[in-house]
Amino acid sequence: MKTKDKILILLAIVLFISACSKQEQPGKIKLNEKWKFITGDNPEFAKKNFDDKNWEELSVNKTWNKQGYPKYYGFAWYRTKFYLPSSLKKNAELRDSLILKLGKIDDFDQVFLNGVLIGENLKNVNRGTKPTDDFKNLDYSFWDKQRRYSLPVNDTLLKWDGENILAVRVYDWGVAGGIYSGKLEITMPQIQDYLKFEISKGDFSESGNKFVKSFSIRNTSAAYKIKGEIEVDLRNNLSDEDSDLLEKEIVLPPQTSENFIVKFDKPDYSETLEYEFEFENESETKLTEGVPYILTPPEKETPQINGALVYGQNTNKPFLYKIAATGKRPLTYRAENLPNGLKLDKQAGIISGKVAKAGKYNVKLIVENSLGKDEKTLEIVIGEKLALTPPMGWNSWNCWGLSVSQKKIADAAKAFVEKGLINHGWTYINIDDGWEIKGDSKKPKRTKDGIILTNEKFPDMKKLGEQIHAYGFKFGIYSSPGPLTCGGFTASYGHEFQDAQTFADWGIDYLKYDLCSYRKLMKDKKSPDELIPPYKKMHEALIKTNRDIVYSICEYGYGEVWKWGEKVGGNLWRTTGDIWDAWDKMYEIGFGQAGLEKYAGPGHWNDPDMLVVGWVGWGPNLHRTNLSPDEQYTHVSLWALLSAPLLLGNDLTKLDDFTINLITNDEVIAIDQDKLGKQASRIYQKDSVEVWAKELHDGNRAVGIFNISLKNKKFALEFNKIGVNGKVTIRDVWKQQDIGKFENKFETPLPAHGVRLIKIFKENKK
Ligand code: GAL
């Protein structure tokens with residue numbers, strides 16, 4: 001071969017390899033995984049030439065709390081260096097700006113490049129902007145938002161082919177802090193980066209029986225025009241067929257936007273809107289949005305008694321049971337064979353008093369209105385256990401976080417009544433962390449007699465308790481066995497008996513007892529030997545009071561709490577860490593309960609944490625749950641099958657039709673509240689389908705068929721695989737309708753991440 005040919009072949013190989021590697025590594029610079037770190041605050045730390053060599057190194061992959069600063073909050077600084085090669089610019093498709101992706105930062109951030117402030121709290125700032133501390137007064141934080149700042153490539157701040165210094169000033173107001181999501185990098189934009197779909201997920205306006213969805217697309221680039229085609233399809237997740245709602249060629253000049261509207265029939269089955277933009281260069285941006293659909297039938301006007309039909313209380317302890325019933329108002333209530341010591345308020349439907357004699361009492365409840373009546377037997381069990389069915393109610397944490405206040409709790413109780421949740425068995429109104437006086441681990445802040453103090457947001461706990469009880473609800477509170485709660489407030493360490501009595505004096509019916517700072521007092525936080533004593537102690541304190549207080553153990557499942565939780569008096573215990581409104585989290589926690597069923601039963605429940613439906617947010621800044629409608633059906637169906645405590649965590653003053661229907665389906669709730677108290681088992685798991693089944697007290701079975709994949713599916717449940725023989729009647733639980741009789745198998749479509757919740761009758765219904 002001639003030298004010239006050899007050179008040509010070599011060149012071709014080099015070109016080929018470089019083309020491949022260019023595809024594999026789109027232009028980006030990964031920032032260091034460990035940055036220099038210091039707590040405290042000093043404007044000098046922003047400076048380019050500041051000497052940080054004595055600072056320690058911390059990973060930007062997890063909060064500082066997990067790296068040696070478990071309780072630190074306030075200011076801290078991070079610094080790192082990076083080299084900026086001009087090849088990044090040369091290889092880029094668009095060359096106007098540079099993007100800094102800094103991951104998630106808890107709670108607030110100010111970013112300095114080579115000594116100059118370039119962005120703060122999600123926004124780029126104009127050059128010359130002086131950093132202030134104004135954000136400290138913000139009512140909300142950006143703890144779960146990805147930080148992304150940009151600056152022009154020709155910004156003189158940038159040192160191309162040289163070293164650059166990034167300094168980030170972080171302010172955290174509690175719980176956890178720092179730069180924590182990893183994946184920090186510097187990139188050049190592609191045309192797709194400039195197109196923003198502005199969809200406002202979950203927002204649909206109604207026009208008759210149509211949904212109207214407005215959205216826009218925006219070109220955020222100051223320099224480039226965007227050309228392409230927009231398409232919106234509506235996918236039927238049962239038939240898997242698409243229909244086109246919109247198709248249009250688009251030219252968007254720099255910094256312009258265009259609005260669109262699509263209109264379609266309100267569905268009563270699962271549908272997904274699929275938004276797609278195809279750019280001139282054939283790349284695409286896609287987005288999907290689940291359409292809310294209601295399965296629960298409208299409430300009947302005739303009376304119907306709902307909620308748990310077994311109720312436990314101890315002898316001589318205040319008794320409170322609200323008869324939950326739907327139907328046209330006014331309703332009148334009757335109760336026959338009430339044990340001595342109890343009386344019924346006939347208008348309010350509230351049974352109260354004290355029973356001296358232990359025993360089982362079958363009480364006939366009768367609820368009437370002008371259109372008819374309903375009768376059911378309530379089994380009252382005195383002197384055995386509390387929480388004979390999983391507690392159902394609301395807890396402030398998943399929406400208000402530490403911004404909870406007495407008013408917000410009172411509003412939640414009011415909303416439970418106004419929105420009708422009280423008629424479906426929702427009972428507990430629980431305050432989570434944030435009611436106590438801010439703590440000091442060395443010197444507990446209490447009265448001189450050691451009584452725990454509330455903070456200024458809770459001026460009158462006793463009055464709040466009275467208001468809650470007047471509706472017929474139960475009142476819950478939160479504390480920790482350590483000196484401080486997770487939010488840094490005063491907790492019960494060393495004052496267990498006193499606190500239990502204070503809680504009882506306030507009218508408390510439920511205590512969530514959260515490990516938090518007690519971990520600091522332990523050698524091995526997962527050792528049952530060390531976990532049992534503090535939880536046992538509080539139980540002893542609770543039973544000494546003059547009230548029945550349901551005891552909720554929260555220690556994230558450490559030391560296999562399900563094996564000893566009941567022995568230390570726990571009525572429920574968290575089996576995992578905290579939940580949040582993402583499919584992966586809900587999936588991991590909910591479906592991870594497999595195998596724990598043998599530890600649950602009346603009076604002692606596994607607790608996979610609260611429901612993340614509706615408007616949630618862990619602070620005053622709330623958002624609609626990130627779970628799609630199908631994911632929410634999965635969440636509620638699974639929790640009901642698991643006999644899980646049902647604790648809503650959403651803003652009850654903001655309830656849309658979808659959410660109300662999701663949490664007021666009496667047949668779904670009845671599965672959770674079934675008096676046999678058997679938690680479902682996973683009986684089938686293959687090809688992304690899971691089947692969970694729960695035995696019910698009437699001998700029938702509730703079965704959830706879950707599609708945990710992102711593709712719509714069709715599935716045949718073969719009866720021989722789940723121990724069902726012959727011909728059986730099957731009922732659709734969400735729709736509250738018998739579907740028919742089936743032999744050998746039951747076939748059903750399953751939307752992506754969706755569920756079919758059925759009841760299989762043991763007897764063949766006529
Ligand atoms: C966590 C707990 C949450 C919430 C929070 C309050 O430890 O798991 O549910 O109670 O503390 O600070």
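Applying the criterion of being in a helix (DSSP H, G or I) and more than 16 Å from the ligand (Cβ to nearest atom) to the residues of segment 390-411, the residue that is surrounded by the fewest Cβ atoms within 10 Å (Cβ to Cβ) is Lys407. Among the residues that make up segment 413-420, is at least one of them among the small types (Gly, Ala, Ser), more than 16 Å from the ligand (Cβ to nearest atom) and not in a loop (DSSP other than H, G, I, E, B)? Scanning segment 413-420 turns up at least one residue that is among the small types (Gly, Ala, Ser), more than 16 Å from the ligand (Cβ to nearest atom) and not in a loop (DSSP other than H, G, I, E, B). Each residue in segment 548-563 was checked for being within 13 Å of the ligand (Cβ to nearest atom), more than 20 Å from Pro602 (Cβ to Cβ) and in contact with a helix residue (DSSP H, G or I) (Cβ under 7 Å, 6 or more places away or on another chain), and 2 pass. The single condition among (1) surrounded by 15 or more Cβ atoms within 10 Å (Cβ to Cβ); (2) in a loop (DSSP other than H, G, I, E, B) that Pro330 does not meet is (1).
One line per residue, one yes/no per condition, for (1) out of contact with any Pro (no Cβ under 7 Å at 6 or more places or on another chain); (2) outside the structural domain of Trp506 (by TED's automatic domain parsing); (3) modelled with pLDDT of 95 or more; (4) more than 16 Å from the ligand (Cβ to nearest atom):
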site	(1), (2), (3), (4)
Ile532	yes, no, yes, yes
Asn546	yes, no, yes, yes
Gly565	yes, no, yes, no
Asp578	yes, no, no, no
Gly595	yes, no, yes, yes
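Give the number of residues within segment 505-521 that are surrounded by fewer than 21 Cβ atoms within 10 Å (Cβ to Cβ) and either more than 15 Å from the ligand (Cβ to nearest atom) or acidic (Asp, Glu) (or both). Counting residues in segment 505-521 that are surrounded by fewer than 21 Cβ atoms within 10 Å (Cβ to Cβ) and either more than 15 Å from the ligand (Cβ to nearest atom) or acidic (Asp, Glu) (or both) gives 3. The residue of segment 122-178 that is farthest from Leu622 (Cα to Cα), among those that are of a type in the set (Gly, Ala, Ser) and buried (at least 18 other Cβ atoms within 10 Å of the Cβ), is Ala167.
Residues of segment 469-480 that are of a type in the set (Phe, Trp, Tyr) and either within 10 Å of the ligand (Cβ to nearest atom) or crowded, with 22+ Cβ neighbours inside 10 Å (or both): Phe473, Phe475, Tyr478. Residues considered: Pro318, Pro330, Pro298. Of these, the only one that is touching a residue at least 60 places away in the same chain (Cβ under 8 Å) and outside the structural domain of Phe215 (by TED's automatic domain parsing) is Pro318. Taking segment 481-502 as the range and being over 11 Å from Glu436 (Cα atoms) and either at pLDDT below 95 or within 16 Å of the ligand (Cβ to nearest atom) (or both) as the test, the residues that pass are Pro481, Gly482, Pro483, Cys486, Tyr493. In this structure, does Glu93 turn out to be within 24 Å of Thr156 (Cα to Cα) and touching a Lys or Arg at 6+ places or on another chain (Cβ under 9 Å)? So Glu93 does not fit the description; no. For Thr625, the stated conditions do not hold, so it cannot be described as in contact with a Lys or Arg (Cβ under 9 Å, 6 or more places away or on another chain), touching a residue at least 40 places away in the same chain (Cβ under 8 Å) and under 27 Å from Ile409 (Cβ atoms).
The values are calculated or read from the model by the stated rules, or taken from the named source; none is laboratory data. Being a predicted model, the structure only gives us computed values, none of them experimental. All Cβ positions, even for glycine, are placed from backbone atoms using ideal geometry, and neighbour counts span all protein chains on display.
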